[in-house]
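Trainee: The structure under discussion is supplied below as structure tokens; questions concerning it will follow.
The values are calculated or read from the model by the stated rules, or taken from the named source; none is laboratory data. Model, not experiment: these values are computed from the prediction. As a convention, Cβ positions derive from the backbone with ideal geometry for all residues, glycine included, and neighbour counts pool all protein chains shown.
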Amino acid sequence: MRTVVGWVLVGAGLVAGGAVLAREGEEREDVEEGDGGATVGAPGPMVGVNRTPTPTEGVATLYQKECGSCHLAYSPRLLPARSWVGLLAGLSSHFGDNAEITPATALALSPWLRANAGDTLGSRAATRIPREETPLRITELTWFRGEHGEIPRGWIGPGASVTSLAACASCHPGAATGRFGEGEIRIPGHGGWDD
Amino acid sequence: MRVLVLILTAAAAAAWSPAVGGLMSEYRSAGATDPLAARGKAAWSKEYPNAEGGVRSCASCHGSDVRQAGKHATTGERIAPLSPQVQPDRLTEAAEIEKWFGRNCKWTMARSCTPQEKADFLAYLSL
């Protein structure tokens with residue numbers, strides 16, 4: 001980068017990212033440890049597997065801003081770290097859209113996404129994805145299809161009250177913070193879900 | 001007529017946010033002439049071919065009335081109105097404006113917007 005300001009922003013982004021991770025570790029009593037073999041950034045307990053860090057400041061807020069304007073800012077734990085790397089590298093052709101970000105933004109987001117990815121956090125669903133696969137579409141993951149496979153035809157799709165499975169918050173009110181518990185599901189026009 | 005255009009442009013410039021004012025100077029340095037809201041408005045609805053045999057324009061997501069909310073053409077997500085008269089946080093950050101020009105000009109037109117086009121768009125949106 002040609003300007004001092006640019007480097008200051010990158011540095012601030014990295015520091016903020018590290019601060020968010022460190023603070024998350026200090027405040028939570030119930031974090032689950034284990035990092036799936038990938039260690040990024042500050043030592044200490046990783047963020048709890050059951051929720052996305054709340055966007056109080058720093059990189060989580062940056063992620064919401066850069067990746068949450070056109071669709072839900074999907075919880076990083078929904079994909080393995082390598083998938084996030086792949087997505088960041090292909091933003092100029094992002095499922096038919098252009099979602100380019102600046103190099104400084106990518107530099108700030110990448111470690112945070114990888115640190116909070118499903119396999120980094122030890123999520124079974126993420127670690128079960130074969131190593132040679134790098135899926136980019138959450139809705140096509142095997143575990144996702146398994147969870148949504150019993151929804152009656154016609155409930156979700158063009159013309160239905162929920163247009164797409166990718167619109168998680170339509171039925172999962174806690175989706176923005178990574179909460180998808182069955183008890184909270186409310187499908188528009190159909191109510192709760194009881195398996 | 002030219003004097004009238006200049007007067008109207010000056011009046012509009014008084015309504016620009018600092019971010020827009022700064023960008024307008026940059027676009028001028030890059031070769032843009034006086035921004036014209038009418039040109040920006042016409043370009044807003046101009047249609048370009050998409051890969052599926054249909055068309056797309058700025059209005060595809062933002063609508064043709066920038067004082068109304070738009071809707072993302074693929075995800076259906078609501079897009080807040082672009083007009084700062086209706087949505088005061090719009091057009092207040094130069095980096096944000098440039099970011100969305102980068103993404104959306106390339107998606108819509110398969111190329112970057114020229115400094116003139118950006119200036120005209122900002123003049124139109126700032127109305």
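Trainee: When the residues of the stretch A:108-127 are filtered to those that are modelled with pLDDT of 95 or more and surrounded by fewer than 19 Cβ atoms within 10 Å (Cβ to Cβ), which remaining residue is nearest to residue A:85 (Cα to Cα)?
Mentor: Once the filter is applied, the top-ranked residue is A:110.
Trainee: Still on this model: Here are the criteria: (1) farther than 24 Å from residue A:61 by Cβ; (2) within 14 Å of chain B (Cβ to nearest Cβ); (3) assigned to a loop (DSSP other than H, G, I, E, B); (4) at pLDDT 95 or above. Tell me which single one residue A:134 does not satisfy.
Mentor: So the condition that residue A:134 fails would be (2).
Trainee: Hey, residue B:60 hits all of (1) surrounded by 14 or more Cβ atoms within 10 Å (Cβ to Cβ); (2) polar (S, T, N, Q); (3) farther than 30 Å from residue A:156 by Cβ but one; which does it fall short on?
Mentor: Just one mismatch for residue B:60, condition (3).
Trainee: Further question on the same structure: Tell me which of these residue A:160 doesn't satisfy, since it passes every other one: (1) within 14 Å of chain B (Cβ to nearest Cβ); (2) of a type outside the set (Ser, Thr, Tyr); (3) under 15 Å from the mean Cα position of the chain (by Cα).
Mentor: (3)
Trainee: Next up: Could you run through the stretch B:34-54 and say how many residues are over 18 Å from the mean Cα position of the chain (by Cα) and surrounded by 15 or more Cβ atoms within 10 Å (Cβ to Cβ)?
Mentor: Our first condition is that a residue be over 18 Å from the mean Cα position of the chain (by Cα); within the stretch B:34-54, this holds for B:49-54.
Remaining after also requiring surrounded by 15 or more Cβ atoms within 10 Å (Cβ to Cβ): B:50.
Residues in the stretch B:34-54 being over 18 Å from the mean Cα position of the chain (by Cα) and surrounded by 15 or more Cβ atoms within 10 Å (Cβ to Cβ): 1 in total.
Trainee: Any residue in the stretch B:98-108 that is part of a loop (DSSP other than H, G, I, E, B), surrounded by fewer than 18 Cβ atoms within 10 Å (Cβ to Cβ), out of contact with any Asp or Glu (no Cβ under 9 Å at 6 or more places or on another chain) and not basic (Lys, Arg)?
Mentor: Applying the first criterion (part of a loop (DSSP other than H, G, I, E, B)) to the stretch B:98-108 yields none.
No: zero hits.
Trainee: Moving to a separate point now. Please give the number of the condition residue B:31 fails out of (1) surrounded by 13 or more Cβ atoms within 10 Å (Cβ to Cβ); (2) on the phi > 0 side of the Ramachandran plot.
Mentor: (1)
Okay, residues lined up against (1) free of Cβ contacts under 8 Å to residues at least 60 places away in the same chain; (2) more than 9 Å from chain A (Cβ to nearest Cβ):
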{"site": "B:70", "(1), (2)": "yes, yes"}
{"site": "B:75", "(1), (2)": "yes, no"}
{"site": "B:78", "(1), (2)": "yes, yes"}
{"site": "B:81", "(1), (2)": "yes, yes"}
{"site": "B:92", "(1), (2)": "no, yes"}
{"site": "B:103", "(1), (2)": "yes, no"}
{"site": "B:109", "(1), (2)": "no, yes"}
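Trainee: Go through (1) away from chain B (no Cβ under 14 Å); (2) in contact with an Asp or Glu (Cβ under 6 Å, 6 or more places away or on another chain); (3) in a helix (DSSP H, G or I) one by one and return the number of the condition residue A:92 breaks.
Mentor: (1)
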